[in-house]
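Heads up, the thing below is written out as C-alpha cells.
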Amino acid sequence: MTTANLNTASEMIHSTGAKIIDGRLHARRLREELRIKAAELLAKFGAPPKLTVILVGDDAASRLYVSNKSKACRDVGIESVVITLPASSTLDTLLAVIEEQNRDASVHGILVQLPLPRHLPVHAVLERIAVEKDVDGFHLYNVGSLAVGTAVFPPCTPYGVQKLLEAEGIPIAGQNVVVVGASNIVGKPTAMMLMQRDATVCICHAKTRDLAQFTILADILVVAAGRPNLIVSQMVKTGAVVIDVGINRLPDGKIVGDVDFDGVSQKASYITPVPGGVGPMTVTMLLANTITAAQRMWGEPSHARAP
C-alpha cells in the first residue's frame, strides 16, 4: 500500500471510525507458521526448540505472564521449562542458574521474567544470558546490534509492533513516527526498528514539554508510557495510525491502554485495542525468536534479518 493509497483509505475508514487492528488474529496466523517450523525441526533433529523461563519471586502478574508464555510454547510445539526461585534468592544463586542453562545444549532460549526483586540488579542478570540464547533481545550485544540494523533477536514488543504494521500493509518508509515513552524495553527499540525502516522518528518522554505538539504531527503514533488515557483525540492527527502498547488496570479492574480508545478511534485510520492488540504479538515474537535461536544452534537457515 502506497502512502497515497493509505491516505485515501484513511479518509474512507474515517467516516465510520478507525479500522481496529486485531492482534489476536495476526498472532494466530503467525503461530500457524511457527508451528510448522517447530514440527520440521522436531522431525529433523529429534528434539523441539526449547525455552527456559526463570521466575524469581511470587509476583502474581509475573506468574500469569509466565503461565501464558508456557501455554503459547506448547501450542506451537516449543518445549517450555520454568525454573522458579524464591524472592530472597541472591544474585550469585540466580547467575548460577543462568550459567547452567547457558551450558545446556538442549536449551535454545533463556528468558528471565521481569521485574526482578529490588535487590537483584537487572543489567547484571540480563548480561549473563548467553547472547545466542537471549530471545528477549535485552543483552547489550543484541541492543547494540539493533542500533546498527543487524539484530537477530529484536525485543519482542517492538518486534510485534513492526509485524502488526507489516501485516496491515501500513507503509513505514517516509512516515513521521512519534513514539511516546523512552523505555529500554519498548520505546527506544521501537524507535530504532522503525528508523531502520526509513521512518522519521521522534521520541517523547516524561519531560517532553507540550506533548500534543509532537503527537499531532504523527502519521504513526506508538504509545508506551504506562498512563491511562494519556492520548486523547485532540492530540492525534486525522487519519493517523495509532499503536497502543500500554496496559493499565483501573480501580474498577478494567484493563485499558494509554490511549482514549473511544475518542481517538473516531479520528485515526487504524488503531490497536487493549487488550487484544500488541499483547498477543509480544508473546508470538518470543516464540519466533526461540525458533530462530534453535535454527541457528542447529545450523539451519533461520531467515533472520535485521528489523
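The values are calculated or read from the model by the stated rules, or taken from the named source; none is laboratory data. As the structure is a computational prediction, the values presented were derived from the model and not from experiment. Cβ placement follows ideal geometry from the backbone for every residue including glycine, while neighbour counts extend to all protein chains displayed.
What residue, of S88, S62, is assigned by TED's automatic domain parsing to the domain that holds I129 and over 19 Å from the mean Cα position of the chain (by Cα)? Reasoning before the result, please.
Numbers: S62 fails: over 19 Å from the mean Cα position of the chain (by Cα).
Checking each option against the conditions leaves just S88.
Checking the condition assigned by TED's automatic domain parsing to the domain that holds L85, in contact (Cβ under 8 Å) with a residue 24 or more places away in the chain and of a type in the set (A, V, I, L, M), which residue from A130, A218 passes? Explain how you work it out, then say what you get.
Working: A218 fails: assigned by TED's automatic domain parsing to the domain that holds L85.
Of A130, A218, the one residue that is assigned by TED's automatic domain parsing to the domain that holds L85, in contact (Cβ under 8 Å) with a residue 24 or more places away in the chain and of a type in the set (A, V, I, L, M) is A130.
Please go through the range 294-307 and pick out each residue that is more than 17 Å from I36 (Cβ to Cβ) and at pLDDT 95 or above.
Hits for the range 294-307 are R296, M297.
Q295: over 20 Å from G187 (Cβ atoms), outside the structural domain of Q175 (by TED's automatic domain parsing) and of a type outside the set (G, A, S), yes or no?
For Q295, the condition - over 20 Å from G187 (Cβ atoms), outside the structural domain of Q175 (by TED's automatic domain parsing) and of a type outside the set (G, A, S) - is met.
So is V135 in a strand (DSSP E or B), crowded, with 21+ Cβ neighbours inside 10 Å and within 17 Å of the chain's Cα centre (by Cα) or not?
Criteria not met by V135.
Right, P121: surrounded by fewer than 19 Cβ atoms within 10 Å (Cβ to Cβ), more than 21 Å from L194 (Cα to Cα) and at pLDDT below 95 or not?
Taking the combined requirement at face value, the residue does not satisfy it.
Which residues, counting only those in the range 157-183, are part of a helix (DSSP H, G or I) and either free of Cβ contacts under 8 Å to residues at least 60 places away in the same chain or more than 16 Å from G246 (Cβ to Cβ) (or both)?
Result: Y159, Q162, K163, L165, E166, A167.
Specify which of the listed residues (K71, K44, K50, K37) is buried (at least 17 other Cβ atoms within 10 Å of the Cβ), out of contact with any helix residue (DSSP H, G or I) (no Cβ under 7 Å at 6 or more places or on another chain) and basic (K, R).
K50
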